[in-house]
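These notes concern the structure reproduced below.
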């Protein structure tokens, strides 16, 4: 009787417990990243806000049509016969204005790109930390599974498993990547040199 009551109570608890699916987990992750992005946008400086607005407007079709209308009106007013031309051909004043505009727009776009680069670097750092944490968790789980297997009398020697159980050294990995890149660059340089020598 007690066993039946415990089983029934366990079933009731299971029914009352909310089910967690993959959508709930991904939704929480998306909300977390949205809060991070909103916080980053709220902490932007005034220069970053102005640069972002200018860069966004410059990359839109209204900006293009505005310049088309401006240039057409300017050229018409300074080319139409019988009217006073304040900037006659070759439109030196218009060239000066467009050059100054290009300088300022380039500065605003570079400021906006620098901000996006900082955000991208922060995301890369976040990805790196998450990947390192995941690797540490996987290494810990492998070590725990190995201990459980030994306690259960399962003792199989696996060289790959022993390597995976070791802690990953990021500095050593970076050194290996740099060596591989240097070796590849050396081979490419030698290949170009051979091609030039054959010619």
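The values are calculated or read from the model by the stated rules, or taken from the named source; none is laboratory data. Bear in mind the structure is a predicted one, so any value in this text is a computation, not a measurement. FYI the Cβ positions are ideal-geometry reconstructions off the backbone, even for glycines, and counts take in every protein chain you see.
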Exercise. With respect to the numbered conditions (1) modelled with pLDDT of 85 or more; (2) farther than 30 Å from residue 48 by Cβ, which one is the sole condition not fulfilled by residue 114?
Worked result: (2)
Problem set entry | Close pairs (9 angstrom Cβ cut-off, 6 or more residues apart or separate chains): free of Cβ contacts under 8 Å to residues at least 40 places away in the same chain and on the phi > 0 side of the Ramachandran plot in the range 89-107, surrounded by 11 or more Cβ atoms within 10 Å (Cβ to Cβ) and not in a loop (DSSP other than H, G, I, E, B) anywhere | 91/74; 91/75
For this session: Report yes if residue 103 is over 24 Å from the mean Cα position of the chain (by Cα), under 23 Å from residue 45 (Cα atoms), in a helix (DSSP H, G or I) and at pLDDT 85 or above, otherwise no.
Result: yes
Seminar exercise, completed: Pairs returned, first residue in the range 56-78 that is within 16 Å of residue 95 (Cβ to Cβ), second residue that is at pLDDT below 90 and exposed (fewer than 13 other Cβ atoms within 10 Å of the Cβ), beta-carbon separation under 7 angstrom, 6 or more apart or interchain, are 77/83; 78/85; 78/86; 78/88
For this session: Please enumerate the residues belonging to the range 7-66 that are in a loop (DSSP other than H, G, I, E, B), modelled with pLDDT of 80 or more and more than 17 Å from residue 119 (Cβ to Cβ).
Result: 59, 60
